[in-house]
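Below: the structure, in structure tokens.
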Amino acid sequence: MRKMIAKLLTPNKDIPKKLYSTAGLVTFLLFLLVWSVLTYGGIVNPLFLPTPTAVLTTGVDLFVNGDLLSDIGISFTRVLVGFLVAALIGIPLGILMGSLKIMEGAFEPIIGFIRYMPASAFIPLLILWIGLGEPEKMSVIFLGTFFQLTLMIMDVTKNVQNDLIEVSYTLGAKRGQLFTKVILPAALPGIVDTLRITFGWAWTYLVVAEIVGASSGLGYMIMQASRFLQPDKIIVGILIIGILGLLTDMIFKAVYRASFSWMRKDGL
Amino acid sequence: MVIQAAKNIIENNVPQVKTPKLEIKEVGKVFKTKSGETTALEKTSFSVSDGEFVTILGPSGCGKSTVLRIVAGLEEATSGQVLIDGQEVNGPGLDRGMVFQSYTLYPWLTVKDNISFGLKLKGVSQKERDDVARHYLQLIGLEGFEKHYPIQLSGGMKQRVAIARALANDPKILLMDEPFGALDAQTRNIMQEVLLKAWEDSKKTILFITHDVEESIFLADSVYVMTARPGRLKKKVPIALERPREFSVKGSVEFAQYKEELLSLIREESLKAIN
Ligand SMILES: Nc1ncnc2c1ncn2[C@@H]1O[C@H](COP(=O)(O)OP(=O)(O)OP(=O)(O)O)[C@@H](O)[C@H]1O
Ligand SMILES: [Mg+2]
């Protein structure tokens, strides 16, 4: 027992897998427990925090009778398109910035500057420029992810071992081949990981994008629920965004595992 | 008529001065850095003939890697020129293969695809690539590992693949910068024999940098000793040990004599480097 505790408190020490996942479950249950005590125990006014069961029934009801599914579809499309455009431009630009000094010199300062400007502050401008339609919502997602994504891809590319590039020259690689046959495959795991992280951020910009001038989507649903004092609906919206984010994260991780088996000794 | 005939006779009888495979002519290198200029290499000249195995010994920081990188075309000389078969080199080329001390295999490619990487760049057909890869896999003793990824190999195995990859491109010259420097002593000894076998099989010209005096003797036709920085050629020591060489030659009297000579040459320079 004593030995076990010592093991748990040693940095970097591996623990049984079962214990690891149990720990996660316990934290989750504790969270539920606190929520339950606060609500079922009548400690907090249900107008501020509804019970878990109230949230669950509202969720089911919204799925069955409400627009929840179409809201999810609309929000997912906005996040996906905004993010895809950011990735489609950000990946090649980031790779070029990470490998060609002239590209870095040209773009790093301006991107490094813009990324500190909050995407939400651009919404009034965007509405002025392109109106209240879908492109405006997607642009907010784009602005929220593009600049970080590009800079992160640049860093990933810069970290490609210089030796690998030099040995490729001695093996006869032309400049174009260097990008396609060496730099891109070497940076690919880092690129996929960057996409996973920034796609997570894209979800967090969703509500911001749907606060103004939207008439559908999860963010809209949350804003409406706030107006009509429906905290259970708000929590359903938040939980669904969380679950969707988690799911896409898991998909990226699965793609990563399946594509880069060469990074693991057992090759599995 | 007569004159022409006489001329022919003369021309045909003049012993052909063999142009060396690799010629380094007055090559110097100055690095400019924030803290000033570093002369890494003083004007250095030497040559290597076709099929010769030359090892370079020298104190740390004397410019060994710099010379090799200039020959490889990865670094530009500040002065002088490098000639291969009498032609000046500019930049890297397929006629020079390189093996680095760090493991530079492509981690996303299998052993087989690593070996045939250069051929693929050239557009050689799959079948021919497979044949070449098979030949070199056998030469380096890694049959059965063709589907493995670099992460699944030991350091010694990785360097064998790196050697095979360089040879598969069929370069005229193989440049090796302390390729066994990161390996343990036993693996190193085995790698030396693997390399000698590969050299005898392929008859390449090899320029090989090492810190290890025994390694430099065991492998070489000639050992070139460099001075402390700024480096230049200090002495050329031809090694007249019999070929093909067995591991046992390391215990011979001649070997010990070479070792003593080289150790004292290196010691002189290392002391200079310190003072
Ligand atoms: N890119 C560079 N910029 C500035 N100085 C450099 C550069 N490369 C090498 N040098 C300097 O040139 C000198 C020779 O370096 P080099 O790497 O050729 O030595 P070396 O003989 O290979 O040493 P070692 O045996 O430790 O590998 C050193 O003083 C080093 O600091
Ligand atoms: Mg060196």
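Among all positions in the range B:182-194, there is at least one residue which is within 14 Å of chain A (Cβ to nearest Cβ) and touching a residue at least 40 places away in the same chain (Cβ under 8 Å).
Quick test for you: out of B:52, B:76, pick the one residue that is modelled with pLDDT of 90 or more and within 16 Å of ligand 1 (Cβ to nearest atom).
Working: B:52 fails: within 16 Å of ligand 1 (Cβ to nearest atom).
Only one candidate passes the filter, namely B:76.
Of all residues being within 14 Å of chain A (Cβ to nearest Cβ) and assigned to a loop (DSSP other than H, G, I, E, B) in the range B:116-136, which is surrounded by the most Cβ atoms within 10 Å (Cβ to Cβ)? Just the residue, please. It comes out as B:116.
On inspection, residue A:98 does not qualify as over 30 Å from residue B:107 (Cα atoms) and assigned to a helix (DSSP H, G or I). So, in the range B:61-84, how many residues would count as being away from chain A (no Cβ under 14 Å), small (Gly, Ala, Ser), more than 16 Å from ligand 2 (Cβ to nearest atom) and assigned to a loop (DSSP other than H, G, I, E, B)? Of the residues in that region, 1 qualify.
Among the residues of the range A:58-74, which ones are touching a residue at least 12 places away in the same chain (Cβ under 8 Å) and out of contact with any Asp or Glu (no Cβ under 7 Å at 6 or more places or on another chain)? Of everything in the range A:58-74, those that are touching a residue at least 12 places away in the same chain (Cβ under 8 Å) and out of contact with any Asp or Glu (no Cβ under 7 Å at 6 or more places or on another chain) turn out to be A:59, A:62, A:67, A:68, A:70, A:71, A:72, A:74.
Those helices (runs of 4 or more DSSP H) of the range A:119-180 in which 2 or more residues are away from chain B (no Cβ under 13 Å) and of a type in the set (D, E, K, R) occupy A:134-158.
Could you tell me whether any residue of the range A:79-87 is surrounded by fewer than 19 Cβ atoms within 10 Å (Cβ to Cβ) and free of Cβ contacts under 8 Å to residues at least 12 places away in the same chain?
Start the filter on the range A:79-87 by keeping residues that are surrounded by fewer than 19 Cβ atoms within 10 Å (Cβ to Cβ), which leaves A:80-81, A:84-85.
Of the ones still in play, those that are also free of Cβ contacts under 8 Å to residues at least 12 places away in the same chain are A:80, A:84.
Looking for residues that are surrounded by fewer than 19 Cβ atoms within 10 Å (Cβ to Cβ) and free of Cβ contacts under 8 Å to residues at least 12 places away in the same chain, one finds at least one in the range A:79-87, hence yes.
Taken as a whole, the structure leaves residue B:218 outside the set of residues that are part of a loop (DSSP other than H, G, I, E, B), surrounded by 21 or more Cβ atoms within 10 Å (Cβ to Cβ) and either out of contact with any strand residue (DSSP E or B) (no Cβ under 7 Å at 6 or more places or on another chain) or free of Cβ contacts under 8 Å to residues at least 60 places away in the same chain (or both).
Tally up the residues in the range A:101-118 that are part of a helix (DSSP H, G or I) and either aliphatic (A, V, I, L, M) or within 20 Å of residue A:204 (Cα to Cα) (or both), please. Total meeting the criteria: 6. Starting from residues that are assigned to a strand (DSSP E or B) and in contact with a Gly (Cβ under 9 Å, 6 or more places away or on another chain), keep the ones in the range B:87-115 and report whichever is nearest to residue B:165 (Cα to Cα). Restricting to residues being assigned to a strand (DSSP E or B) and in contact with a Gly (Cβ under 9 Å, 6 or more places away or on another chain), the top hit is B:97.
Criterion applied to B:207, B:196, B:271, B:262 was being under 15 Å from the mean Cα position of the chain (by Cα) and in a helix (DSSP H, G or I), and the one residue passing it is B:196. The one condition from (1) surrounded by 22 or more Cβ atoms within 10 Å (Cβ to Cβ); (2) part of a loop (DSSP other than H, G, I, E, B); (3) among the β-branched types (Val, Ile, Thr) that residue B:44 does not meet is (2). Considering the conditions (1) in a helix (DSSP H, G or I); (2) over 21 Å from the mean Cα position of the chain (by Cα), residue A:204 is excluded by exactly one of them, (2).
The values are calculated or read from the model by the stated rules, or taken from the named source; none is laboratory data. In this text the structure is predicted, and so the values were computed from the model without any measurement. Using ideal geometry, Cβ is built from the backbone for each residue, glycine included, and neighbour counts are taken over all protein chains shown.
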